[in-house]
Structure formats: structure tokens, C-alpha cells
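Remarks on the structure that follows.
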Amino acid sequence: MQGPSSALVNTIESRFLHKHILVLGDIMLDRHLFGAVSRISPEAPVPVVRIIRESASPGGAGNVALNLAGLGIKASLCGIIGDDAAADELERLLKDAGIDGSGIVRVPGRPTTTKQRIIGGHQQMLRLDREEVTAPSVENLQELHARVLILLDSVSAVIISDYAKGAVSAELAQYVITSARKLKIPVLVDPKGKDWGKYRGATTIKPNRAELAEIAQLNISDFNNLVSEARRIIKTLELDHLMVTLSEEGMACISRTEVIRVPAMSREVFDVSGAGDTVLATLAACLSMRISTAEAVRLANLAAGVVIGKVGTVPISNEELLVEVLSEQQRLHDSKVCDLEQLLHRVKLWKARGERIVFTNGCFDLLHAGHISYLEAARQSGDRLLVGINTDRSVRALKGPTRPINSEGDRALVLSSLASVDSVVLFDDDTPLNLIKAIKPDVLVKGADYTLDKVVGASEVQGWGGVVKLMPLVAGLSTTAIAARMQSPP
């Protein structure tokens with residue numbers, strides 16, 4: 001992965017320009033009772049939780065809207081709730097968060113869906129649900145439809161957060177998706193159940209691995225099988241892509257032609273409840289700004305990493321996301337040396353930004369002024385400079401048993417300290433041809449001591465529209481000459 005572009009940082013700092021996003025779905029009230037456990041009940045073999053504090057927040061589609069509001073986006077929430085004390089509390093919480101609740105239909109006699117979680121220490125001990133499992137009446141759904149219709153023309157993205165509680169009927173889902181497509185508005189769906197037909201034509205559906213496996217009705221523990229099944233669904237449902245959350249393995253965005261995979265952030269996990277809502281809200285925020293899919297996935301993954309480090313269902317905030325993005329920039333600056341998989345991921349995202357990729361390679365055994373000048377000149381040929389260096393085995397094969405003088409790890413570390421270098425990758429082949437084919441750089445750079453017909457990968461780079469540059473070298477400077485002088489008697 002690579003650091004954020006200045007444009008992306010500016011977008012977050014601007015609070016996504018206060019874009020307007022509609023959230024349609026099942027709205028709930030989440031309650032959390034936090035306590036301490038120090039003994040087992042004498043009445044039954046269960047822990048006794050001594051309650052220390054309580055909290056309440058919008059859940060389900062409400063939590064998606066809460067995440068949007070935290071990012072600085074105007075969120076309009078549409079759904080069905082009861083006409084009870086829980087509904088009063090829910091509407092107050094939404095108002096306090098700055099969320100537009102004009103799309104919410106209150107139904108007398110129907111309880112507001114409430115989930116109460118009891119947490120001892122950092123561990124969820126029990127969840128108590130109060131809900132109505134029957135579908136809302138036709139009249140209630142018609143009223144919801146009318147309220148959605150009023151809001152649809154004013155938004156820049158739509159999120160459907162379906163918990164199978166009745167708010168997202170097939171008819172309403174298809175109306176929203178079809179209307180949004182005509183308006184060129186992205187529609188993102190958090191699915192529920194086995195009937196994904198009602199989401200046909202959406203921009204993306206965001207299942208987790210278990211939800212995708214349920215639809216596929218086959219074992220998708222193997223990632224290649226997962227991709228194949230995802231592409232079948234994309235074709236069948238006429239989607240742009242699937243965003244699959246993979247728990248500790250991160251996320252994958254799968255389209256008809258590419259796979260964007262990002263690893264989970266390494267951190268202590270306290271509570272994963274609500275993380276999917278954060279992912280969905282961040283993706284929608286990015287797509288509403290026409291941010292590339294690759295960067296949207298990366299940003300959503302970072303946002304999820306923040307909220308799983310909290311206890312309870314807690315939304316992301318704009319400030320937290322900005323801190324995480326800038327922290328990632330520092331982490332990546334400290335780790336320019338990467339393997340091929342990491343490098344290809346960086347290249348994919350750089351190319352998605354329209355950045356020009358430059359590649360060069362060598363042994364770089366004793367780094368000298370000639371190398372520095374050469375690399376700085378190469379960097380001026382594009383936006384990102386990738387340096388492939390031969391492994392120790394490869395150097396020995398090329399230059400004999402006395403080389404290299406410095407180990408591959410030391411050579412990579414020294415190169416990575418240069419401001420002109422964006423990434424360093426080792427290759428074990430005698431030539432970098434396979435590496436060049438994998439990266440597909442826009443510019444291939446070698447020293448002017450080569451001729452074009454002797455540059456490995458030149459024809460391939462030119463074949464996909466790239467250019468080959470031969471850079472002048474500093475006369476009298478070479479690792480071989482320096483090593484010879486070091487070994488000569490004074």
C-alpha cells in the first residue's frame with residue numbers, strides 16, 4: 001500500500017464537501033450496558049455483570065447514517081420505526097447527530113427494533129433483541145416510498161442497509177436502484193438473506209465472506225473460488241463490483257476485470273460490531289466524490305481499522321480518519337522495501353491516480369554519487385520511482401562469488417532511504433524481465449552504457465505504450481572500480 005494523495009487528504013479535511021447521501025434501511029436503537037465481572041451468580045452458572053455505565057446510539061441503517069455524519073456528510077435516513085419511547089429516544093439521538101430524519105415513518109403498535117448488549121470488561125456477554133418480525137403494512141411501505149422519492153433527486157449517493165426487518169422491499173429497492181442509475185448516482189448495498197435479486201443493478205454489494213458463501217452455496221475459503229463466484233454474481237446481477245469484507249484478511253473489491261485486495265490493519269480488536277457500517281459509509285463518501293475505487297477501498301479499510309479498536313458500536317469521525325491516513329503515510333514512508341505482491345498493490349493505486357510509474361534496476365552494491373545522480377534523474381521521468389535490486393544469489397550469478405559486498409537487506413535499506421526512491425523490491429532472476437512484465441511501468445530507465453537493443457524489457461515496455469530512457473552516467477564512478485581500489489595496496 002502507499003500513502004494518501006494530497007487530493008485525498010484535502011477531501012477528508014474538507015469533510016467530503018458536505019455531500020448529501022441517502023440511507024434506506026432497517027433502523028434500530030443500540031443500547032450498551034458496560035460493566036465489570038468478578039463473580040459467578042449463586043443462582044445459576046452465569047457471570048454477574050456489575051453495570052458501570054450505559055449508552056445508546058442509532059443502529060442498523062441508523063449507524064450507517066451516523067458514520068456519514070461523522071465524516072462530515074449530510075445524511076438523510078429513510079426507514080420504519082415504532083411509535084414508542086425507543087422511537088422518541090432514537091429520533092433525539094439522530095437530531096443531536098445532525099441527521100435528517102424526514103424519511104422515517106413511525107408506525108403505531110409496532111415496536112422500534114432495539115438491541116441491548118451487555119459487556120463485561122471488553123467482552124460482549126449477552127445481547128437482548130426486541131423487534132417485530134412481520135413485514136410492515138402496504139400503507140406503511142407506500143408512505144416510506146413517498147418519502148424516499150422526495151429526497152432522491154438531491155443526493156449524490158444512496159446506501160441500502162438491509163437487515164431483513166421489512167423496510168427494504170424488493171419493489172422499493174428496485175425503484176431506488178433504477179432511479180439512481182438514471183441519475184448516475186452510485187448505490188451501495190449491505191445485503192441480508194438469500195434473495196439478492198432485489199439488489200439487481202446496484203453499483204456494489206458489500207457482503208462478508210459468510211454471506212457470500214450462503215449465496216454461492218459452496219466452499220469459498222479458497223480466494224480464487226471466491227473471486228470466481230463473485231464474478232458470476234456480478235454478471236448475473238449487473239453490478240459494477242462486489243466489496244467483500246474478509247475479517248482478519250482485510251477486504252477485496254472484485255470487478256469483471258480486476259481484483260483490489262487490501263490487508264487488514266494490524267491492531268488489537270475490541271469489538272467488530274458496526275465495522276461493516278463504517279466500511280459502507282466510507283465507501284459511499286468516496287464514491288460520491290468520484291474518488292477512485294482503489295482509493296475508496298483503502299480508505300474504508302483504514303476506517304474499519306479505527307472502529308474495531310473501540311468497545312461498542314462507535315462510528316468513525318472525520319478527525320480520526322484523517323489521523324489514520326496521515327499515520328499510514330508515515331508508516332509507509334518507513335517501509336519502502338516491499339515484496340512483489342505489496343508492490344503491485346501500490347502500483348495499482350498509483351496508476352488509479354494517474355501517476356506515471358518509472359522502473360529501473362541494478363545491483364547497487366556500493367552506493368555512490370553516480371547512483372544518486374542516476375536515480376534522481378530517473379525520478380524526474382515520472383511520479384513514482386520503483387527500484388528492482390538483484391538478490392545476493394542473483395548478484396553472485398552475474399558478478400562472481402566475491403560479490404555482493406553488501407547483503408541484499410543492507411542494499412535495499414540504503415536505497416529506501418533516498419527521497420527519490422518510492423519503492424524497492426528484490427528479484428531473484430538473472431534479469432528483471434518478469435518483474436517488468438508484472439509492473440508494466442510507463443518508463444523504463446537504464447544507464448547510457450546500454451544500447452536500446454540490450455535493455456531487458458525494452459520491447460515489452462514499448463509494446464504497451466511506454467518509453468525507454470538511457471540516462472547518462474557520471475564518468476569514472478562504478479562499484480567495480482571502487483571495490484578494486486579498496487582491495488589495492490596503498
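Remarks
- Here R92 meets the list (1) open to solvent by 20 Å² or more (accessible area, probe 1.4 Å); (2) in contact (Cβ under 8 Å) with a residue 40 or more places away in the chain; (3) more than 31 Å from the chain's Cα centre (by Cα) almost entirely, failing just condition (2).
For (1) closer than 22 Å to S335 by Cβ; (2) modelled with pLDDT of 95 or more; (3) open to solvent by less than 20 Å² (accessible area, probe 1.4 Å), each residue gets a yes or a no:
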position	(1), (2), (3)
K351	yes, no, no
G354	no, no, no
I357	yes, yes, yes
T360	yes, yes, yes
L367	yes, no, no
I372	yes, no, no
Q380	no, no, no
D383	yes, no, no
V387	yes, yes, yes
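- Criterion (modelled with pLDDT under 95 and of a type outside the set (A, V, I, L, M)) met by exactly one of G62, G109: G109
- For region 447-471, filtered to residues that are among the charged types (D, E, K, R) and in contact with a helix residue (DSSP H, G or I) (Cβ under 8 Å, 6 or more places away or on another chain), the residue that is most open to solvent (accessible area, probe 1.4 Å) is K469.
- Just one of the numbered conditions (1) touching a helix residue (DSSP H, G or I) at 6+ places or on another chain (Cβ under 8 Å); (2) closer than 30 Å to D277 by Cβ; (3) open to solvent by 50 Å² or more (accessible area, probe 1.4 Å) is not true of Q342: (1).
- Meeting the requirement of 3 or more residues that are among the polar types (S, T, N, Q) and either open to solvent by less than 40 Å² (accessible area, probe 1.4 Å) or at pLDDT 90 or above (or both), the helices (runs of 4 or more DSSP H) wholly within region 249-333 are 275-288.
- Single residue of R396, R485 found to be assigned to a helix (DSSP H, G or I), modelled with pLDDT of 90 or more and either over 18 Å from Y374 (Cα atoms) or out of contact with any Pro (no Cβ under 7 Å at 6 or more places or on another chain) (or both): R396
- The residues in region 211-254 that are touching a residue at least 24 places away in the same chain (Cβ under 8 Å) and within 15 Å of the chain's Cα centre (by Cα) can be counted, and the count is 12.
- Entry remark, region 145-170: residues being charged (D, E, K, R) and at pLDDT 95 or above number 2 in total.
Yes or no, residue by residue, for (1) within 21 Å of I436 (Cβ to Cβ); (2) part of a strand (DSSP E or B); (3) free of Cβ contacts under 8 Å to residues at least 12 places away in the same chain:
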| residue | (1), (2), (3) |
| --- | --- |
| F364 | yes, no, no |
| E376 | no, no, no |
| S381 | yes, no, no |
| G388 | yes, yes, no |
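- Top-ranked residue of region 38-78 - restricted to ones that are over 25 Å from L322 (Cα atoms) and of a type in the set (K, R), ranked as surrounded by the most Cβ atoms within 10 Å (Cβ to Cβ): R50
- Flag for I27 being under 24 Å from I160 (Cβ atoms) and of a type in the set (V, I, T): yes
- Among the residues of region 31-59, those that are over 37 Å from the mean Cα position of the chain (by Cα) and among the small types (G, A, S) comprise S38, S41, A44.
- Here I233 passes the criteria (1) open to solvent by less than 20 Å² (accessible area, probe 1.4 Å); (2) hydrophobic (A, V, I, L, M, F, W, C); (3) not in a helix (DSSP H, G or I) except the one numbered (3).
- Hits in region 186-204 (condition: modelled with pLDDT of 95 or more, out of contact with any Gly (no Cβ under 7 Å at 6 or more places or on another chain) and of a type outside the set (F, W, Y)): P186, V187, L188, V189, P191, G197, K198, R200, G201, A202, T203, T204
- Any hit, region 3-22, residues being assigned to a strand (DSSP E or B) and of a type in the set (K, R): no
- Going through (1) more than 30 Å from R353 (Cβ to Cβ); (2) open to solvent by 20 Å² or more (accessible area, probe 1.4 Å); (3) in contact with a Ser or Thr (Cβ under 6 Å, 6 or more places away or on another chain) one by one, I81 falls short only on (2).
- Of all residues in region 204-230, those satisfying the criterion of being part of a helix (DSSP H, G or I) and either touching a Ser or Thr at 6+ places or on another chain (Cβ under 8 Å) or within 18 Å of L188 (Cβ to Cβ) (or both) are R209, E211, L212, I215, A230.
- Candidate set from region 143-194 (those that are under 24 Å from R290 (Cβ atoms) and of a type in the set (S, T, N, Q)); member that is least open to solvent (accessible area, probe 1.4 Å): S161
The values are calculated or read from the model by the stated rules, or taken from the named source; none is laboratory data. The structure displayed is predicted, hence computed values, not measured ones. Counting neighbours? That spans all protein chains shown, and the Cβs are built from the backbone with ideal geometry, glycine included. To get the accessible areas, we keep the full protein, side chains included, count just its heavy atoms, and leave off ligands, DNA and RNA. Shrake-Rupley method; radii C 1.70, N 1.55, O 1.52, S 1.80 Å.
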